[in-house]
Amino acid sequence: MADWGPTSATWPGPIDREQEKRDVARQLVERAQDGDVVGAGSGSTSFLAVLELGRVVAERGIAVVAVPTSYEVARACTANGLRVASLRDLRPDWAFDGADEVDPAGRVIKGRGGAMLRERLVFAAAAERHLLVDSSKLVERLGQRFAVPLEVVPEAVSLVERFVRRDLEVRSAELRTSGGGKDGPVVTEHGNLVLDVAIEGIDDATEDTLGRIPGVVATGLFTGFDYQLHVAGR
């Protein structure tokens with residue numbers, strides 16, 4: 001994989017509940033051993049976990065290879081002494097990631113960072129999976145605060161929106177824009193666009209329904225994964 005080159009990395013903005021997130025990240029990465037291949041998720045909690053993993057690597061003098069899920073996390077890994085590889089090269093021994101919402105059944109909404117496809121690939125490939133959250137991410141029903149992001153082939157955005165409105169109870173469906181960074185929509189690492197869909201009544205069948213829609217490459221709705229949930233402060 002490419003050499004990302006930076007000698008330092010910072011998160012672009014304040015991190016909510018930073019100490020809680022750092023504490024739960026620190027507890028997890030203490031498990032790191034020499035030679036581990038670790039899947040590194042996206043988002044602020046994963047960013048803090050990368051910082052803590054880099055600290056462990058430096059203090060113990062061990063070698064750890066990271067398989068990152070986004071360019072931003074790849075830069076952070078390189079800046080913190082972790083060699084970066086891809087799924088073409090290695091399978092993660094274990095992986096960590098954050099979440100936007102987790103319900104009592106263990107279903108998850110992810111994808112505010114727009115890296116759903118690579119997050120899903122790394123999470124699926126890992127022998128062990130760990131989800132790091134603070135207590136604010138635990139909800140009774142998915143979709144209370146966050147829409148479900150869909151990674152969509154650019155020419156299929158209108159088609160996908162039409163199908164999701166037909167097949168599901170949808171409050172809104174909006175193409176994600178990049179805000180102040182640049183004009184136009186957010187473009188994922190794989191050259192796709194992100195459609196944020198607010199859905200009522202998310203259940204076990206919702207992910208399958210979304211996955212059958214032509215043009216949907218990946219969804220931010222994660223169901224059916226075995227993982228260990230780590231909640232800050234518990």
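The values are calculated or read from the model by the stated rules, or taken from the named source; none is laboratory data. Treat the numbers as computed from the prediction; the structure is a model and nothing was measured. Positions of Cβ are generated from backbone atoms using ideal geometry, with glycine treated the same way; all protein chains shown enter the neighbour counts.
Values for this structure:
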| quantity | calculated |
| --- | --- |
| The range 23-55, residues that are at pLDDT below 95 and over 22 Å from F123 (Cβ atoms) | D23 |
| Residue that is farthest from R107 (Cα to Cα) [pool: residues in the range 196-234 that are crowded, with 21+ Cβ neighbours inside 10 Å and within 16 Å of the chain's Cα centre (by Cα)] | A218 |
| So A58, is it under 19 Å from D36 (Cβ atoms), at pLDDT 95 or above and part of a strand (DSSP E or B) | no |
| Conditions (1) closer than 14 Å to G220 by Cα; (2) in contact (Cβ under 8 Å) with a residue 24 or more places away in the chain: number failed by D203 | (2) |
| Residue in the range 76-86 that is in a strand (DSSP E or B) and within 21 Å of D208 (Cβ to Cβ) present | no |
| Count of residues meeting criterion [under 15 Å from V217 (Cβ atoms) and either of a type in the set (K, R) or assigned to a helix (DSSP H, G or I) (or both)] in the range 105-115 | 1 |
| Of all residues making up the range 149-193, the number that are surrounded by 12 or more Cβ atoms within 10 Å (Cβ to Cβ), basic (K, R) and more than 22 Å from A205 (Cβ to Cβ) | 1 |
| Residues satisfying the stated conditions in the range 70-83, i.e. within 18 Å of L28 (Cα to Cα) and among the polar types (S, T, N, Q) | N80 |
| Verdict on R118 being basic (K, R), part of a loop (DSSP other than H, G, I, E, B) and at pLDDT below 95 | no |
| Qualifying strands (runs of 3 or more DSSP E) (wholly inside the range 161-234; at least 1 residues being of a type in the set (G, A, S)) | 170-175, 193-199, 216-219 |
